[in-house]
């Protein structure tokens, strides 16, 4: 493809929503929602289920690959059995099937991918899981003549797949081509571009090659030297050499449209001179094995981009008034759209001295991210008055593009920060009515100090300010499971249902920082789950997306900037794998922590949500959370009678009695469960018991299980 221009909207019969053309060069989410594969890859296309929106290839549970993953560092590249992986944490909406055991991955390692989609289509429906589509897939013909089944036409089918592709043997996913007379069916890729069963004169080898279905062993490709993982490959029987499907069309010397001055030759990266360019001018990635190189011009391009060259011209008036031309050389530059530095081949307008990354062409105009309550809009020149990015807290450049909020005059973010997969849901909101201010009331008023709450619709709840009726302060709030103490509460006087005032007012729908879609408030009663962010078992209210991923209201109520008595500066959410909490000194089991990057102060979400004032049955007075100051002298916990560590910066104390308590001793590991109740956890039944009348609850398996 030499030139990309805007085209009309596509309405393919096998997708329920309209598709819009995009001039954007997509590198972070290179998966097509139709063929379920990446445009280009070092291997045969890899199947991805349900068109999920991720930026990776094959996914494995870390335990399936490495057995133990506790000492791995997320977001880092690792090498195992000469294969490169990246350690990642997958939220529910980006969770894939493990390629080894076929179950969902939460913490996983993924085979590093390379590839780009140029000039495809995108679906802008917020509820659609398939986001980006190849142009050729969106425009796939409704019927084809296939060389493997010449007797009948094959029809494009959108029903759910069943069985395997007759050509490659992979599981059939919709849409696919099938014969209405026979049971013959092939997936979209094998239907539109079937690989020939034999190649008499391949470019990459001197002997004929035959198509081979993958066996049990893995072999390296003779051209790119990478292991062949896909279901199909080519074999030279005479030499016993194997080739990727995409590599058979590569020769030792090619004339490439991105470097028309000289032919480029295939080199092993290790055989190039030390000062030779080893970074691909297009994708800006360093080739570790084989690459194409021009020794005269010091021009390099990886094999992936050689097979799938970028367009030489992109004409997109919304990005720039003039057509943009690819500058086919590796150079350092600053992108005029996002303001980030680049090292590769930018798209340029010589007339305006305008340079941009390919992936910064056709950025969405209006988006919603989970770090800000309002919509934010792209502006090509941010202007003065903005100091730091609302996501990464680093400096913003007023002379380049950014996303800003029209409501909050000082809020703006870097383009790349706003468009991160864990912040943005891939929906361009331009032309879509603004529902940011939409409010779903958790209750309706039915009288003076009387409400009907969504969680308890059979009876009204009566409001009591500061618990003046002196209900037993040890009774639990049905939402957060913490004691009522002396807070304002709502009470059902017919069935002893209690809610803290603040819990009764929890938002029914809320943006959480943990992943993009807004979460809904639901009630968990008997089936116990662990909070996805702090790991604590809980019942009561929770925020959830599609009922699978659940966060309790303690973590769900945290927001940024977070003001905490234990630190002078506001705290913000950071993904900090392997960091220890300054309060409990435990290494956080999940990635998100609240912290101050400048001071190196980080709190796990459990400690960040500790109540500042509590009651405990070992003391007649309220106890207060003491944080940020080390103990001046040795003290013992009034509950467990163990000495408090001098380095422990968070503990509870009674100012009247002078006694101290460990935070865990006050709350216990099961403080978010309801005593004397049967619960179900991981398909087993347990009874929650109180120990010695304290808040510390223990779980015992029910004798009736």
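Here, each number is a calculation from the coordinates, and none is a lab measurement. Note that the coordinates shown come from a computational prediction; the quantities given were computed from them, not determined experimentally. Glycine gets a Cβ as well: all are built from the backbone with ideal geometry, and neighbour counts include every protein chain shown.
Give me the one-decimal nm value for the distance between modelled label points at residue 523 and residue 457, 7 Å along each residue's Cα-to-Cβ direction.
1.0
So for each of 271-283, 597-609 I average, over its residues, the number of other beta carbons within 10 Å; can you give me the resulting order with the highest mean first?
In decreasing order of mean packing, 271-283, 597-609 become 597-609, 271-283.
Given a Förster radius of 30 Å and the C-beta distance between residue 580 and residue 530 as r, what FRET efficiency does 1/(1 + (r/R0)^6) yield to the nearest 0.05?
0.90
Multiply the residue gap between residue 332 and residue 439 by 0.36 nm, knock off their C-alpha separation, and tell me the result in nm, one decimal place.
Extending this stretch completely gives an extra 33.8 nm.
What list do you get for 264, 563, 587 if you sort them by fewest beta carbons within 10 Å?
Neighbour counts put them in this order, fewest first: 563, 587, 264.
Listed highest first by mean packing, meaning other Cβ atoms within 10 Å per residue, what order do 254-263, 309-318, 357-366 come in?
357-366, 309-318, 254-263
Taking region 140-192, how much of its Cα-Cα pair set, in percent, is spaced more than 18 angstrom apart?
Summing the P(r) tail past 18 Å for region 140-192 gives 16 percent.
What spacing in nm lies between the two simple spin-label points modelled at residue 171 and residue 153, each 7 Å away from Cα in the Cβ direction?
3.2
Just grab the label-to-label distance for residue 201 and residue 488, each label 7 Å out from Cα along the Cβ direction, in nm (one decimal).
Taking the two extended label points, one gets 8.6 nm.
Let me see the pair-distance distribution of region 363-437: every alpha carbon pair, 10 Å bin width, integer percents in order.
21, 58, 21, 0
By what distance, in whole Å, do the Cα atoms of region 475-523 stretch along each of the three principal axes, largest value first?
That gives 38, 20, 14 Å along the principal axes, largest extent first.
Between residue 219 and residue 617, what length comes free when the chain is fully extended (0.36 nm per residue of separation minus the Cα-Cα distance, one decimal in nm)?
In short, 136.6 nm is gained.
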